[in-house]
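The values are calculated or read from the model by the stated rules, or taken from the named source; none is laboratory data. Owing to the predicted nature of the structure, the values given are computational and were not obtained by experimental measurement. Positions of Cβ are backbone-derived with ideal geometry, glycine not excepted, and every protein chain shown enters the neighbour counts. These accessible areas exclude ligands, DNA and RNA; they are computed on the full protein's heavy atoms, side chains included. Shrake-Rupley method; radii C 1.70, N 1.55, O 1.52, S 1.80 Å.
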Amino acid sequence: QVQLVESGGGLVQPGGSLRLSCVASGFTFSSYSMRWFRQAPGKEREWVAGITAGQVRSYAGFVKGRFTISRDNDKNTVYLQMNSLKPEDTAVYYCKAVVDNNDNWGQGTQVTVSS
């Protein structure tokens with residue numbers, strides 16, 4: 001059974017940093033791409049960043065240069081380092097894995113950027 005558990009969210013001031021983690025289990029983590037999404041209140045969920053099994057990274061335009069996605073296959077964990085945070089980055093952040101054509105989501109972790 002695929003499980004994804006996010007952590008690392010919290011309240012941070014504008015310009016601050018957070019590192020999100022997503023621990024995966026129930027599948028061969030190193031063989032799959034991983035993605036981060038976010039959903040702000042009243043808005044649709046949107047893709048933030050992705051990393052392939054081969055460590056190729058991609059980012060949404062609105063976070064490029066501020067966020068970095070990485071993975072540690074020994075720890076079955078994908079990370080999202082978020083720097084220079086803005087109030088508009090406030091959202092619940094989710095990790096996602098598509099395994100055997102099934103979408104698998106974590107429960108999400110809240111990020112609030114406010115002074």
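Can you name the residue in the range 25-47 that is among the small types (Gly, Ala, Ser) and outside any strand (DSSP E or B) and is also most open to solvent (accessible area, probe 1.4 Å) among such residues? Among residues in the range 25-47 that are among the small types (Gly, Ala, Ser) and outside any strand (DSSP E or B), the one most open to solvent (accessible area, probe 1.4 Å) is 42. The selection criterion, being within 21 Å of residue 33 (Cα to Cα), of a type outside the set (D, E, K, R), open to solvent by 10 Å² or more (accessible area, probe 1.4 Å) and out of contact with any helix residue (DSSP H, G or I) (no Cβ under 9 Å at 6 or more places or on another chain), holds for residue 79. Every condition in (1) touching a residue at least 24 places away in the same chain (Cβ under 8 Å); (2) open to solvent by 60 Å² or more (accessible area, probe 1.4 Å); (3) not in a strand (DSSP E or B) holds for residue 85 except the one numbered (2). Among the residues of the range 48-76, those identified as open to solvent by 10 Å² or more (accessible area, probe 1.4 Å), closer than 23 Å to residue 16 by Cβ and not in a loop (DSSP other than H, G, I, E, B) are 57, 59, 68, 70. If you filter the range 1-24 down to residues that are more than 13 Å from residue 110 (Cα to Cα) and of a type in the set (S, T, N, Q), you find that the one that is least open to solvent (accessible area, probe 1.4 Å) is 17.
Annotation note: Cβ proximity below 8 Å between a residue of the range 8-36 that is under 23 Å from residue 90 (Cβ atoms) and a residue that is of a type in the set (Lys, Arg) and at pLDDT 95 or above (sequence gap 6+ or interchain) occurs for 8/19; 14/86; 34/71; 34/96; 35/96; 36/96. Applying the selection to the range 97-109, what residues are closer than 15 Å to residue 21 by Cβ and open to solvent by less than 30 Å² (accessible area, probe 1.4 Å)? Of everything in the range 97-109, those that are closer than 15 Å to residue 21 by Cβ and open to solvent by less than 30 Å² (accessible area, probe 1.4 Å) turn out to be 97, 106, 108, 109.
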